[in-house]
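Take a look at the structure set out below.
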Amino acid sequence: MRTLLITVTSALALTVGLGLAPASAEAGPERRTEDRTRALLAAFERRDVKAISASIDENATFTIPLSFSGASEPAGHFAGKEQILGYVDSVLTNFRKVRFTDLRVSVTGQGRTSFVQANGDFVTADGRPYRNVYIYRFDWKNGRMVHTDEYANPITLCKVFEDLGC
C-alpha cells in the first residue's frame, strides 16, 4: 500500500511539475483563466474543434483589428459562436500545422481577461512555412471566452497568401 501511495504521489507530482494537470478548484481565478487560455490554444494546435467550441460562449465575438490595407476598419469581425467556429474552420483548412512557440500568458482583472504573446510556427495547407507574431486578448465570463482580439502582422499574412489582394 505504501509503495502504491508513493507511486501515485510521484506520478501526481510529475504531472503537476510538467504543467499537465489543470488547476484545482481551490486555485484563484487568475490561475483558472491562465489554464483555460492555455487549454484553448492547445486545442487549436491539436485541431480539436469540439474542445474549442466548448470554450466559446454562444454570444462571443472575435475581432481581427489590424486591416490588410492599413485602414482603421478591422480585417475581420465574427459575432456569435457559429461565425467564430467558421473562422476557426477556415484557419484549420488553410494550415496543416498550427503551433505556438515562446508562449507567454498574462491574466488581469481577477481572471476576466488574459493576454497571450506568441510566435506562430505554422505550415500552410500546401506546405509553405508561415511565421507570424501574435498577441491575443481573451475576455472570459463563467469559464467561457466571450470576446477575443487577435493581433498579427498583416504584411506576413499578405506575403504568404498573395491571393488576398493586399
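The values are calculated or read from the model by the stated rules, or taken from the named source; none is laboratory data. If you're wondering where the values come from, they're calculated on a predicted model, not measured in any experiment. Please note: Cβ atoms are built from the backbone with ideal geometry, for glycine as well, and neighbour counts cover all protein chains shown.
Observations on the model:
- Looking only at segment 131-141, and only at residues there that are touching a residue at least 24 places away in the same chain (Cβ under 8 Å) and loosely packed, with under 15 Cβ neighbours inside 10 Å, the one that is nearest to Asn59 (Cα to Cα): Lys141
- Scanning segment 149-159 for residues that are buried (at least 16 other Cβ atoms within 10 Å of the Cβ) and closer than 17 Å to Val123 by Cα yields a count of 3.
- Any hit, segment 126-136, residues being modelled with pLDDT of 95 or more, of a type outside the set (Asp, Glu) and closer than 18 Å to Ala39 by Cβ: yes
- Residue pairs meeting the criteria (Cβ under 9 Å; at least 6 apart or on separate chains; first β-branched (Val, Ile, Thr), in segment 27-50; second part of a helix (DSSP H, G or I) and surrounded by 14 or more Cβ atoms within 10 Å (Cβ to Cβ)): Thr33/Gly111; Val49/Ala43; Val49/Leu85; Val49/Val88; Val49/Leu92
- Residues of segment 119-158 that are under 20 Å from Leu92 (Cβ atoms), in contact with an Asp or Glu (Cβ under 6 Å, 6 or more places away or on another chain) and of a type outside the set (Ser, Thr, Tyr): Asn119 alone.
- Qualifying positions in segment 56-80 - under 16 Å from Asp149 (Cβ atoms) and among the small types (Gly, Ala, Ser): Ala60, Ser67, Ser72, Ala75, Gly76, Ala79
- Filtered residues of segment 24-56 (kept if of a type in the set (Lys, Arg) and part of a helix (DSSP H, G or I)): Arg31, Arg32, Arg36, Arg38, Arg46, Lys50
- Residue in segment 56-67 that is at pLDDT below 95 and either of a type in the set (Lys, Arg) or more than 14 Å from the chain's Cα centre (by Cα) (or both) present: yes
The rows are residues; the columns are (1) on the phi > 0 side of the Ramachandran plot; (2) touching a Ser or Thr at 6+ places or on another chain (Cβ under 6 Å).
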residue: Phe62; (1), (2): no, yes
residue: Ser69; (1), (2): no, no
residue: Tyr87; (1), (2): no, no
residue: Phe100; (1), (2): no, no
residue: Gly111; (1), (2): yes, yes
residue: Gly127; (1), (2): yes, no
